[in-house]
Structures are given as C-alpha cells and as structure tokens.
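Here is the structure we will look at.
The values are calculated or read from the model by the stated rules, or taken from the named source; none is laboratory data. All figures in this text were calculated on a predicted structure; none of them were measured in a lab. Note that we place each Cβ from the backbone using ideal geometry, even for glycine, and neighbour counts take in every protein chain shown. Ligands, DNA and RNA are stripped out before the accessible areas are found, and what is left, the full protein with its side chains, is counted by its heavy atoms. Shrake-Rupley method; radii C 1.70, N 1.55, O 1.52, S 1.80 Å.
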Amino acid sequence: MNTKHARIVTVDRAAILTDARREIDKLDMPARRLFGKRLLTLGGLSMLTGCSITDDASVNTLLGAVSRLNDRVQAFIFNPHQLAPTYSEAQITRPFPFNAFYSEDQAPVVDGGSYRLKLGGLVSGQRVWTLPELYALPRADQITRHICVEGWSAIGRWGGTPFGDFLRRVGADTSAHYVAFRCADDYYESIDMATALHPQTLLAFDYDGQRLPAKYGYPMKLRMPTKLGYKNPKHIVEIVVTNTYPGGYWVDQGYNWFGGS
Ligand SMILES: Nc1nc2c(c(=O)[nH]1)N[C@H]1C(S)=C(S)[C@@H](COP(=O)(O)O)O[C@H]1N2
Ligand SMILES: [Mo]
C-alpha cells in the first residue's frame, strides 16, 4: 500500500458525506432535487468538483468546492423576477426576534446626525449620503418572512427604498458581480448583483412603521426576502460594488455564500 492510499483510508467517508449533505441541504428545493442524493457518493462529489480526497486538507477543499458549486447552481436557478411570498399585517411575528453575533444590549450605537453612508468601488457617484437625503428617496414597504439558519423564522415589516433603483441612481456598474457591505459592528456581507437588483431587495430604514431600532440595524439594513437571515446586513456604513469576491462574516466561517432561501 503506498502512502497516498494509506492516507485515503484514514479519511472518515461517512463524516465527509454527512458534511457534504449538510452543504447540499442548504440548497433550496429545486436545486436540491437537481442534485439528488444519487450524487452523494465520494466518487460522485470528487468527479463533480474535480477534487481528490486524500487527507483532511483535501476534504476541506472538497467541501469548499461543493459549497461553491452550490453557489453557482443557486445563482443559475435564481429567477430575478420571481417574488418571495408577502403576508398580511395580522401575520407579523410580535415581538420580532433579535439576532446577531452578540447580545441585544451590545448592538452598535450609531449617531444619526453625523452618520454618512459611503459608496465605493465601481460606482460613478462616490459621494456620501446623509440620512435625510436617503429618507427622501422613493419609498417601498414589505411584509415578508426572515429565515435564520439557527432554526427560526419570523414575519416582519420593513420600509425603505428599492435597492436596485438606488444602485442605478448612484451610477453603480450593474454588470459587476458583487455588492459588498461593511457594518458598524464587525459584520460584513456580500451578495450577487442579480439579488441586489431584485424588486424586493430593500435598503430598509424602518421597521413596522418606525425608524429601525438599534437592535434591528439602525440606521439601515439590506432586506432581501430571497435570502437567508445572515445575508441581510444590519447597521450598514459602506456599500462597495466590485468584481473581487468579498466573502462575509459567517460565509468566511463556512456558511454557503449565495445563501438563498
Ligand atoms: N451587522 C450585522 N448584521 C447582521 C447580523 C449581525 O450580527 N450583525 N446577524 C445576521 C443574522 S444571522 C440574522 S438572523 C439577522 C437578524 O436580524 P434581526 O435582529 O432583525 O432579527 O441579521 C443578520 N445581519
Ligand atoms: Mo441568522
């Protein structure tokens, strides 16, 4: 037995498949059907991803490749015109849950008076925006469901300005791949341009008819009913349009980047 083969047999095949299945289970339903459980053999996965599985580092490479494949499939099947379900006021979850990588009393305190939203990257109008200027933009409202991968979902009502229109207004290159967000806490996130331009993607300033309270992301969050909770950044301070993959706070710890729901 050569050393390479010796290393192959030390890899726990069942554990790899469990992890791979977890990656594929993050896909939404049509994509999951597309993959099917038939592909969930080590041979099938390594063929699909072009990875060999010889040691722990290669296993991580394989799982990363499964996740990136998952991104591409989700992007491919994402319908930019299909709307997420909306709900009635009576269906709003009260109180709406708070979630962050810290507890509620540690939510960042942002001073609205001195706040300036920065725009960067592939944007011709790289000026800063004050809150009153942003509040004067055309308005939209939605009652939609927020789904967190920690196992809860809740219906909430957000108000703000359609993000695609805002991107066009500021002269963003809408053929770029990514829109990245930096937040007042240590959070950061990035999304695909198709989702940025989706009609229900909202730069939200309000929650349930009031200014967003600190816990829900004052002074603004990106609200996307087509994406999982962790993709929706709160406390946005900078928006960058780019072709360089920016990652995200949870994504860089192994969550799937596309994060469609
Ligand atoms: N800036 C920032 N945005 C964030 C997070 C965070 O910790 N910081 N957590 C994310 C996660 S995992 C979820 S589920 C939602 C929670 O939003 P909520 O507090 O309005 O329910 O915010 C997302 N956006
Ligand atoms: Mo979440």
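Below is a table of values for the structure above.
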| quantity | calculated |
| --- | --- |
| Cα-based reach from Lys118 at 14 Å (exclusive), listing aspartates and glutamates while leaving out same-chain residues under 8 positions away | Glu133, Glu238 |
| Rounded to 5, percent antiparallel among DSSP beta bridges of the stretch 89-253 | 90 percent |
| Estimated dipole of the stretch 89-253 in Debye, rounded to 20 [Cβ of Lys and Arg +1, of Asp and Glu -1, Cα centre] | 340 debye |
| Relative contact order [Cα under 8 Å, 6+ residues apart], the chain, whole percent | 20 percent |
| Inter-label distance, nm, simple model (7 Å from Cα along the C-beta direction), Ser46/Ile92 | 5.4 nm |
| Cα-based Rg of the chain normalised by 2.2 N^0.38 Å, two decimals | 1.11 |
| Residue-count net charge about Thr130 - beta-carbon cut-off 14 Å; Lys, Arg +1, Asp, Glu -1 | +1 |
| Point-to-point label distance, Asn99-Cys148, nm (Cα→Cβ direction, 7 Å offset) | 0.5 nm |
| Extension gain from Val128 to Gln253, taking 0.36 nm per residue of separation minus the Cα-Cα distance | 41.9 nm |
| Span-like helix ranges in the chain, DSSP H, alpha carbon extent 15 angstrom or more, Kyte mean at least 0.0 | 56-77 |
| Rough spin-label spacing in nm, given labels placed 7 Å along Cα→Cβ, for Arg22 and Arg168 | 4.2 nm |
| For the stretch 99-148: accessible area per residue (Å², 1.4 Å) | 55 Å² |
| Gaussian network model of the chain, springs between alpha carbon atoms under 10 Å - residue of Pro162, Pro199, Pro85 with greatest fluctuation | Pro85 |
| Charge dipole (the chain, unit charges on Cβ, about Cα centre) - positive-most of Leu137, Ala65, Pro246 | Ala65 |
| Karplus (6.51, -1.76, 1.60) ³J(HN,Hα), θ = phi - 60°, over the stretch 178-195, in Hz, Gly and Pro reported as x | 10, 10, 10, 10, 10, 10, 5, 8, 8, 6, 8, 8, 8, 9, 6, 5, 4, 6 |
